[in-house]
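**Student:** Got a structure here, written out as structure tokens. Questions coming.
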Amino acid sequence: MDTILEIAILEMGRQKGDMPFTCEDVVRWIYPQDWRHFKKDVQFTADHLEEKGRITLSGQGEIRIIK
């Protein structure tokens, strides 16, 4: 089952197309007031999606969706 953060990462990737984005972009989008509280959670989720082969993470923290 996908979590809200997994869905948000994948949806932002769908919207961005080939443009990279960061974990911070995702949490600022879905939690504009309290995004700082979710930085570790979204990073953990991104790491998990990378392990599952759904995204790639660069050394600079950029996310790209694997199509």
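Read-outs throughout are calculated quantities, based only on the coordinates presented, and are distinct from any laboratory measurement. Keep in mind that what you see is a predicted model, and the values were worked out from it rather than measured. When we count neighbours, we look across all protein chains shown, and the Cβ atoms used for this are built from the backbone with ideal geometry, even at glycine.
**Student:** At 7 Å along Cα-to-Cβ for each site, give me the label-to-label distance between Glu50 and Arg14 in nm.
**Tutor:** Spacing of the two 7 Å Cα→Cβ label points: 2.4 nm.
**Student:** Related question: Do the sum for the chain: with -39,500 (n - 2.57) for every DSSP H run of n ≥ 4, divided by all residues, what is the mean residue ellipticity at 222 nm, to the nearest 500 deg cm²/dmol?
**Tutor:** Dividing the helical sum by the residues of the chain leaves -15500 deg cm²/dmol.
**Student:** Once you keep just the Cα pairs under 8 angstrom separated by 6 or more residues, what percentage relative contact order results for the chain?
**Tutor:** After rounding, I find 36 percent.
**Student:** Assuming 0.36 nm per residue, please report the length gained on full extension of the stretch Glu24 to Asp41 beyond their Cα-Cα distance.
**Tutor:** Net length gain for the segment: 5.0 nm.
**Student:** Sort Phe44, Phe21 so the one with the fewest other Cβ atoms within 10 Å of its own Cβ comes first.
**Tutor:** Phe44, Phe21
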